Structure formats: C-alpha cells, structure tokens
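Note sheet for the following structure.
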Amino acid sequence: MLPREAIKCALQNAERSALVAFLTAGYPEPKNFLNVLNDVSEAADAVEIGVPFSDPMADGVTIQRSSQAAIEHGVSLGWILDQLGNRRTQGNTPILLMSYLNPLLAFGFDELASRALQVGVSGFIVPDLPYEESAPLKTSLDSVGIALVQLVTPATPSNRLGKICEASEGFVYAVTRTGITGTKTQFPTDLAAYLAAVKEVAKVPVCAGFGVRNREQVRMISEHADGVIVGSALVEALERGESPGAFLRGLRP
C-alpha cells in the first residue's frame, strides 16, 4: 500500500470520526520526542508532526512558543527525519509532517521525498504553499507515493474549492475558520454547510481543524467531517505535563 493510501484507509477505518493530533517536534523536550510520539500515535488515528519554523504565520501563540523553544533546542527538519529513522517500530498510525515551505526547499524536494519514505512519513501539509504553486513538491512526493494534503478555508471560492479537493491526497484539511490556530473564537454558524460543501467535492476524507479545544467541539465537528484535527490544545497539555494519550482519549465523544 502506498503511504498516501495508508492515510486514507486509517481515517476511513476509524471506529468513530477520526482524530488527527498535531504536536511540535521536540517540544517540550527533544529527548522525549519519540516517547511522546508513541503515546500520541496510540491515541490518534493519524499524527501531524510540526516542523519548527521561525515565522509560523498561520499559527497562534501556543505553537509559535513551542516552535521557538524547539528551534532553540536544535530541532530541525533533518533532526526530525533522523529521529523518525531511529524508531524501533513504526506502528500503523500514519505520520505526516506539517511544515512551512522554506525548510522543505532548503532540504531539496527529491531528497526529502526519498528520506521521508525511508523513515515512514506518509504525507506532508504545507500551509504557505498555494495549490497553484505546489506542482514541484507534489511531483517529488508522487514519485514515492507520499501524500500532499491540501488546505481549504471558509473563504475558498467554490470553483477553486473543487480543484483543491481534487488535488488533495490522504485527506482534505478543512480549516474551520479564518485566522490563526489555537484561538478561542467561536466556529462560524455556517460551519455545517461549509463542511458539507467540502465533502461533496472531496475524493478523500475531510478532516477539520483550527481552534478545536474540547470534547464538545470534537463531537460537534465529528457530525459534519470525517475527522477532527487537534493541535494547540494538545501542545498546551504537554506544557502542563499531562499524558498526551490520556488527553486525546478524553476528547473522543
């Protein structure tokens, strides 16, 4: 099975609506990264590993803070790939890297695709890479069967929405609202209609995230999407010293 198909299957085969968990690589302590990843992988249906970046424009203060701390501890894209290569077992939970474009460009797309395949990465999410400019990275990832997940938002025009969903692999990342991650604003009142429109044109599962913080929000979004993405709330749980696995299991309806 190709890595991108593994993502799709894991989300489709979830007993309930899938839970996708985001963590910043190497945070809060680089030495505990693989232990945290294992705990999260056991509780989630897919895991997004955030590649720390100095200018995370789509992220709120929680992930900005975690990225800065990880960078100060020497965490980089190369470090993450090396750590993933050191895992004793890869398990069945798909791993995706969520990164801004600069680190991927610096690494080199073809080398990145080859190395990612070696260490068990199934997909990439690149928030600052427009669909219209994604062909070079997609070509490299396609050569090894790794997914490039595309993002849509409530502001995406309907004609463009179809093109983006058509191109997305693994799942479609449906941003629940405009703005940055982690803030406590309310979801839009037309969220159900928006997610229904995305699901109508998507050929892969639709997972929704940005601002998901509690079980009630997970339950509500689960009624309209194939999966729910939790990021800042999990990073904050790690900051408090909580068990990431227990925290995630507590979010399931």
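The values are calculated or read from the model by the stated rules, or taken from the named source; none is laboratory data. On a predicted model such as this, the values are computed, not experimentally measured, just so you know. Neighbour counts are summed over all protein chains in view; Cβ atoms, including those assigned to glycine, are modelled from backbone coordinates with ideal geometry. The protein model used for the area step is the full one, side chains on, heavy atoms only, and it has no ligands, DNA or RNA in it. Shrake-Rupley method; radii C 1.70, N 1.55, O 1.52, S 1.80 Å.
Table for the structure above
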item: For V228, distant residues with modelled amide H under 5 Å away; result: A18, L19, V20, A208
item: Estimated FRET transfer efficiency when R0 is 35 angstrom, pair I71-A135 (beta carbons, to 0.05); result: 0.75
item: Taking region 94-167 and dividing mean pair separation by its residue count, relative contact order in percent (alpha carbons under 8 Å, at least six apart); result: 33
item: Residues of region 69-161: accessible area per residue with a 1.4 Å probe, Å²; result: 45
item: Pair R215, E42: separation of 7 Å Cα→Cβ label points (nm); result: 2.0
item: Distance from region 114-138 to region 187-253 (C-alpha centre basis), Å; result: 22
item: Length added when fully stretched, Q90-L105, from 0.36 nm per residue minus Cα-Cα; result: 2.8 nm
item: Å² per residue, accessible surface of region 1-60 at 1.4 Å; result: 42
item: Region 19-27 - phi-based ³J(HN,Hα) in whole Hz, Karplus 6.51/-1.76/1.60, Gly and Pro as x; result: 10, 10, 10, 10, 9, 7, 4, x, 10
item: Protection proxy ranking of 238-251, 4-17 - average other beta-carbon atoms within 10 Å, highest first; result: 4-17, 238-251
item: Among the listed pairs K138/K199; K138/K203; K31/K203, those beyond 27 Å (Cα-Cα); result: K31/K203
item: Cα-based equivalent ellipsoid of region 185-253: semi-axis lengths in Å, sorted from largest, via gyration tensor; result: 25, 12, 10
item: Carbon plus sulfur fraction of accessible area for the chain, probe 1.4 Å, in percent; result: 48
item: Overall dimensions of region 85-215 as given by Cα atoms, namely Rg and Dmax in Å; result: 15.6, 45
item: Relative contact order of region 121-253, defined on C-alpha pairs under 8 angstrom at six or more residues apart (%); result: 19
item: Solution diffusion estimate, µm²/s, Stokes-Einstein, the chain, Kirkwood Rh from C-alpha pairs, 10 °C, viscosity 1.306 mPa s; result: 89
item: Calculated from backbone phi, Karplus (6.51, -1.76, 1.60) coupling profile of region 83-94 in Hz, x at Gly/Pro; result: 4, 4, x, 8, 4, 5, 9, 8, x, 9, 7, x
item: Cα lying deepest toward the dipole's positive end in region 11-151, options L77, P30, S17, charges on Cβ; result: P30
item: Given charges at beta-carbon only (K, R positive; D, E negative), |dipole| of the chain in Debye; result: 460
item: Cα→Cβ-extended label distance, 7 Å offset, between Q12 and L34, nm; result: 3.3
